[in-house]
Amino acid sequence: MLQRALGSAAILFVSLSSGCGPVVDALFGEPTADIEHPKTFDQAGLAFSYPGNWTLEVEEETIEGIETAMISVESPSTAIVTLMQFRPGVELGPGYAEEFMSEIQAEFDSSLGGVMKAKGKGTIDVQRNLLGHEAAGKQRRVDVSVLGEKVPHTQQVLVLDLEDRSLAACSQAASEDLPKAQPGFDLVLDSLKTSP
């Protein structure tokens with residue numbers, strides 16, 4: 001079950017992050033996350049605010065009795081944060097962050113007929129407060145190549161196992177755009193709340 005959800009999440013993450021963002025970014029650059037006019041999300045036992053100029057996509061399904069929700073919040077350019085929730089919890093554990101990063105890389109490499117490639121390097125351990133708990137995870141640089149042109153990205157995956165659910169948060173943006181995207185990532189993750 002977890003492997004199927006992991007693969008589905010990686011496909012969703014790559015399909016959203018490989019859309020027209022690079023074209024928009026090349027023409028106009030990453031717009032600053034509009035945190036002054038936030039939108040709100042409240043569904044599937046999760047609630048949070050997100051930038052007013054970002055869009056949201058939700059996928060929910062039940063796999064082998066586990067309710068899964070994947071919520072992706074995407075900027076008009078290269079920034080994306082995806083929240084994955086499993087209820088009841090499925091004990092993601094510390095290895096999930098690296099496993100998910102590997103799935104994303106494999107999906108990048110097979111998407112668009114091999115036109116797109118990703119190579120991760122420099123993985124470091126990170127921690128962040130989520131829902132009043134320390135979430136552990138990994139962060140790395142990922143060189144995303146489209147038709148041979150490399151664009152360095154910063155990717156982070158955080159994992160949190162709670163009593164009633166497990167959560168993973170994956171964020172990614174072109175490294176040069178991170179200063180404009182990070183306030184949006186912070187808005188989503190700092191405002192995150194759960195409900196039954």
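The numbers here are math on the coordinates, done by the rules we state, and not lab data. All of these numbers come straight from a predicted model, not from anything done at the bench. A quick note on method: Cβ atoms are made from the backbone with ideal geometry, for glycine too, and the neighbour counts reach across all protein chains shown.
Distance between the pseudo-spin-label points of H133 and S191 (7 Å out from Cα toward the beta carbon): 2.3 nm.
The value of relative contact order for region 115-196, using C-alpha pairs under 8 Å at least six residues apart, is 24 percent.
Classification of region 124-188 by its C-alpha gyration tensor yields a prolate form. The axis ratio a/c (a ≥ b ≥ c) is 1.5 or more, and a/b outweighs b/c.
Going by neighbour counts of Cβ atoms within 10 Å, the residues L178, L187 line up, fewest first, as L178, L187. With neighbour counts taken as other beta-carbon atoms within 10 Å, the residues E99, E176, E149 rank, fewest first, as E149, E176, E99. So, counting K/R as plus one and D/E as minus one, what does the shell of residues with Cβ under 10 Å around A135 add up to? Once all neighbours under 10 Å are counted, the net charge is -1.
What number comes out for the charge environment of P38, summing +1 per Lys or Arg and -1 per Asp or Glu over other residues with Cβ under 12 Å away?
Details: positive: K39; negative: D34, E36, D186, D190.
My count for the surroundings of P38 gives -3.
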